[in-house]
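Here's the structure, in structure tokens; my notes come after.
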Amino acid sequence: FMSAMYWSLAFFLIYVVGAQFTIVLLSYLLQTLTADSNNWSLTTITLILCSIGLGMFLLPPVPGVPIYMTLGMILIPVGQSECGWAPWQCILYGLCVSLALKLIACTVQQKVIGGGLQHCIAIRQYCRVNSDMMRSMKLVLTTTSSGGWFSWNKVFILVGGPDWPTSVLCGIMGLPLLPILMGTLPIIVLITPTLLTGSFTYLASVQVWDGQGQNEPLYPQAQTWATICAAVTAVVQLGSMVLAASAVSSNISSADDEKKSRLDELVPLDPQVLEADLRAQVRQDLYDQVTDWHQSMSWMMKIVTMVALTAWIVSFHLLMYFDNYCFVEYQLSYTIESHLQGSVWNFILPLGWIAMGLALLGGVLQFIVFGGWARSAVKKKQGQQQQQREDTLVVDEDGGEKMMMGTSDYESYQPPPGVQNPTADMVVGTTTPIVTSDYQELSPMTLDHIR
């Protein structure tokens, strides 16, 4: 149930917030800036676009493609009217601005957001820095070709990975900034067709008086080129994502056993996160016990869970398969006055309000009602087990053998020969040994620490 709800929430944030509403916001920006372009200089409009674009880059659900497309649509009319540039000069200027904006956004995401969070153990644990995938990504991003700045796998990850998560994870993993920026430069391959799509879309809308009472397109082939560039953008974006996934998995799915063993050697596990994982596993065991569908959950919580799941599923299918009935068809070149009757709320159709209302209902029931009950049940279970039984987990000198004993047994425990001060980790709420050889470097944890 939880997996389905989390996937539905991710879809809602990416598709509705990150895609649909972003298009409306950028079209309003396009309309506002082009209407006032005769009063604002190119420098002023460029700074406004960069400020808004940077703010949107800092939002996790927002991709970079609509930002580059908006720059292509706005900078051409401004460059022509303010500087007398030809379209190709405006496009070249837009490419430079887009690349600079991307690098600035990567810097802020990595050093400010990721760098500020890298000292938080909970954040590192949430990002699964000890997982094979994350350690493989770190290994690829820190590996260069012989003496060079970047390798192909590094470029694939930095270009094909999602904008916000990739840069922030680089900061959390403590990677140096300059090599990451150098590896990001090939993003120009994705920026170019995207910006050209916006530029040709604008040029296709430019009309001139034909002298016979009618208007005709000034660039009749522009719409065709806009379609071609949009197709190229889709191919490049999909290809870069596939190459990024291949680069990450190269060190964990390869048939070469040496690469797999070198991963542990070159990228060691984070001991602080290991301790946090141990404590989280204890809490997860308790959570699984109190939320067991057949033994622990009350009929009321079962109804809440089923209603929440049903609301999420219905909302997902409405937004996914009936999006034309949820939102008005809208493009960057449209205007709110002409296509939405002057109100941005007209963008959402009645079925769209129903779909988003169901998503909100599912979120409230699952994360507030059910989540609050589960947290309260876990605390109650901890209190009960703390009074009834306190298990002691003893790890021998090699870190591999383990014994489950009561507290009284631990007091009479005789360590193996050669072990003077055995490390004892007090674990509450579980009867299953969790420690493996990966936990050899754990610092001693007392019962108070776990509590």
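The values are calculated or read from the model by the stated rules, or taken from the named source; none is laboratory data. Worth saying up front: this structure is predicted, and the values here are computed from it rather than measured. So basically every Cβ, Gly included, is an ideal-geometry build from the backbone, and we count neighbours across all protein chains shown. Ligands, DNA and RNA are excluded from the accessible area calculation, which covers all protein heavy atoms including side chains. Shrake-Rupley method; radii C 1.70, N 1.55, O 1.52, S 1.80 Å.
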Practice prompt. Filter the stretch 34-51 for residues that are modelled with pLDDT under 75, assigned to a helix (DSSP H, G or I) and either of a type in the set (Ser, Thr, Tyr) or surrounded by 18 or more Cβ atoms within 10 Å (Cβ to Cβ) (or both) and give the result.
Written response: THR34
Worksheet item: Given the conditions (1) touching a helix residue (DSSP H, G or I) at 6+ places or on another chain (Cβ under 8 Å); (2) open to solvent by less than 80 Å² (accessible area, probe 1.4 Å), which single one is not true for GLN331?
Response: (2)
Worksheet entry | Extreme residue, modelled with the lowest pLDDT, among residues of the stretch 291-316 that are assigned to a helix (DSSP H, G or I) and open to solvent by 70 Å² or more (accessible area, probe 1.4 Å) | ILE313
Practice prompt. Would you tally the residues in the stretch 311-353 being within 25 Å of GLY371 (Cα to Cα) and touching a residue at least 24 places away in the same chain (Cβ under 8 Å)?
Written response: 6
Worksheet item: Between a first residue in the stretch 41-70 that is in contact (Cβ under 8 Å) with a residue 24 or more places away in the chain and a second residue that is small (Gly, Ala, Ser), which pairs have beta carbons less than 6 Å apart while being 6 or more apart in sequence or on different chains?
Response: LEU54/ALA105; PHE57/ALA105; PRO61/GLY18; VAL62/GLY18; ILE67/GLY53; TYR68/SER98; MET69/GLY198
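Given VAL97, VAL112, VAL140, which one is within 18 Å of the chain's Cα centre (by Cα) and of a type outside the set (Lys, Arg)?
Exactly one of VAL97, VAL112, VAL140 is within 18 Å of the chain's Cα centre (by Cα) and of a type outside the set (Lys, Arg), namely VAL112.
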Discussion item. Can you report the number of residues in the stretch 52-63 which are open to solvent by less than 40 Å² (accessible area, probe 1.4 Å) and under 24 Å from TRP85 (Cβ atoms)?
Written reply: 1
Response to the item:
Pairing a residue in the stretch 125-140 that is over 14 Å from GLY174 (Cβ atoms) with any residue that is surrounded by 20 or more Cβ atoms within 10 Å (Cβ to Cβ) and aromatic (Phe, Trp, Tyr), where Cβ atoms lie under 9 Å and the two sit 6 or more apart in sequence or on different chains, gives VAL140/PHE156
Fill in: Members of the stretch 344-383 that are among the small types (Gly, Ala, Ser) and open to solvent by less than 40 Å² (accessible area, probe 1.4 Å)
GLY352, ALA355, GLY357, ALA359, GLY362, GLY363, GLY371, GLY372, ALA374, ALA377, GLY383
Worksheet entry | Residues that are open to solvent by 10 Å² or more (accessible area, probe 1.4 Å), part of a helix (DSSP H, G or I) and of a type in the set (A, V, I, L, M, F, W, C), drawn from the stretch 74-87 | CYS83
